[in-house]
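Q: Pasting a structure here, questions to come.
The values are calculated or read from the model by the stated rules, or taken from the named source; none is laboratory data. In this text, all values refer to a predicted model and were calculated from it rather than measured experimentally. Neighbour counts are summed over all protein chains in view; Cβ atoms, including those assigned to glycine, are modelled from backbone coordinates with ideal geometry. Side chains included, ligands, DNA and RNA excluded: accessible areas come from the protein's heavy atoms. Shrake-Rupley method; radii C 1.70, N 1.55, O 1.52, S 1.80 Å.
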Amino acid sequence: MKRHIPNLITLGNLFCGCVAVVFAVLNQLELAALFVFLGIFFDFFDGFAARLLKAQSPLGLQLDSLADMVTSGLVPGIVMFQLLGMSMTGGWNVDLSSQATNNTFWVGLKVSPLPFLGFLVTLASGYRLAKFNIDENQQSSFVGLPTPANALLILSLPLILLYHNNNVLNSIILNQWFLISITLLSAYLLNARISLFALKFKNWTFKDNTLRYIFIIVSLVLIITMKFMAIPFVIAFYIISSVIANINTKEL
């Protein structure tokens, strides 16, 4: 029975992804983000449970990637689709619920293919996950930005709009060129040949997990002080600290 527990947790991730898709399509981006966060929580603990119960299996690996494709691949693509659509109307009311029935956005879609560029995030996520499944060298580290981290980056944008509601930030985030740049950067980072450390603890000693503990502490401080604005900085810190660690390792 215990061998099925990790897969059930993974299915929890997939379920959250399905719910998030519904809310993202309805332009309820706050609720979409909530279920993506919950799905990523399940995604972290299914691997932890598999290692704890010694129930790792090829089925679990494939199921995990399929769930990630929905939660951390499809949903961010839809969110970017929505944000690009909003940028075409010159902005939006921070009351996302009112946008679900706003026909102006859908009229805009008929004259511009721009919002569909957002699905480049989904395509890049699918390609990254397929490579991950056949790469045996990504057990203790990742090559390219993991899809959950990328999903957090994309989902942070509407949350910043909602909870910080700063005119300068709003004008930046809803700028078409900014969103296009984030989309292209996202697609690149997902498949870049950059080695990034994984938050997988083989033991709990500080000596063997120094970088992981520093990352967690810095991330918590940023989130407490900056709230959702912290997420892009956490992702940037994750990439930069991984690159520095790789350089130091090579020098040794």
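Q: Got a sec? What order do M229, M86 fall in by accessible area at 1.4 Å, biggest, i.e. largest, first?
A: M229, M86
Q: Can you tell me how region 110-176 classifies by the Cα gyration tensor, rounded, prolate or oblate, using a/c under 1.5 as the rounded cut?
A: oblate
Q: Considering only S186, S72, S195, give the residue with the highest GNM mean-square fluctuation for the chain, with springs between Cα atoms whenever their separation is below 10 Å.
A: Per the Cα network of the chain with a 10 Å cutoff, S195 tops the list.
Q: How much accessible area per residue does the chain have, in Å², with a 1.4 Å probe?
A: Spelled out: the 1.4 Å probe surface of the chain, per residue, equals 52 Å².
Q: With the Cα gyration tensor of region 169-236 giving a ≥ b ≥ c as the square roots of its eigenvalues, does the rule (a/c under 1.5 for rounded; else a/b larger than b/c for prolate; else oblate) give rounded, prolate or oblate?
A: Cα axes put region 169-236 in the oblate bin.
Q: With labels modelled as points extended 7 Å from the Cα through the Cβ direction, what inter-label distance (nm, one decimal) is found for L185 paired with I223?
A: 2.1
Q: So, taking all protein chains as they sit and a 1.4 Å probe, how much accessible area belongs to R51, in Å² rounded to tens?
A: 90
Q: Right, here's the next one. If I compute solvent accessible area with a 1.4 Å probe over the protein chains, what percent of it on region 21-67 is carbon and sulfur?
A: 79
Q: Ignoring ligands, DNA and RNA, what percent of the accessible area of region 137-242 is carbon or sulfur (1.4 Å)?
A: Taking all protein chains in place, region 137-242 shows 69 percent carbon and sulfur surface.
Q: Need the list of lysines near K207 for cross-linking: C-alpha distance under 22 angstrom, and skip anything on the same chain fewer than eight residues off.
A: Those lysines meeting the cut-off are K250.
Q: Taking the simple approach of a point 7 Å from Cα along Cα-to-Cβ for both F233 and W204, what is their distance in nm?
A: In this crude spin-label approximation the distance works out to 2.9 nm.
Q: Another question, if that's okay. Ignoring everything except DSSP H segments at least 4 long, calculate the 222 nm mean residue ellipticity for the chain; use -39,500 (n - 2.57) per segment, divide by total residues, nearest 500.
A: -23000 deg cm²/dmol
Q: Same structure again: Could you calculate the FRET efficiency of Y213 with I240 from 1/(1 + (r/R0)^6), where r is the beta carbon distance between them and R0 is 22 Å, rounded to 0.05?
A: 0.85
Q: What nm value, rounded to one decimal, do you get for the distance between I134 and L53 when each label is placed 7 Å out toward the C-beta?
A: 3.0
Q: Compare W204, W177 by solvent-accessible area with a 1.4 Å probe and give them largest first, with all protein chains kept in place.
A: W177, W204
Q: What is the gain in length, in nm to one decimal, between Y163 and I5 on full extension, counting 0.36 nm per residue of separation less the C-alpha to C-alpha distance?
A: 53.3 nm
Q: For the chain, modelled as a Gaussian network with Cα springs under 10 Å, which listed residue fluctuates most, G39, G60, G118?
A: Of G39, G60, G118, the Gaussian network model singles out G60 as fluctuating most.
Q: Which one of F81, F142, F119 has the biggest mean-square fluctuation once the chain is modelled by GNM with Cα springs under 10 Å?
A: Its mean-square fluctuation being the largest, the pick is F142.
Q: Work through the residues other than G17 whose Cβ is under 15 Å from its Cβ and net out their charges, Lys, Arg +1 and Asp, Glu -1.
A: -4
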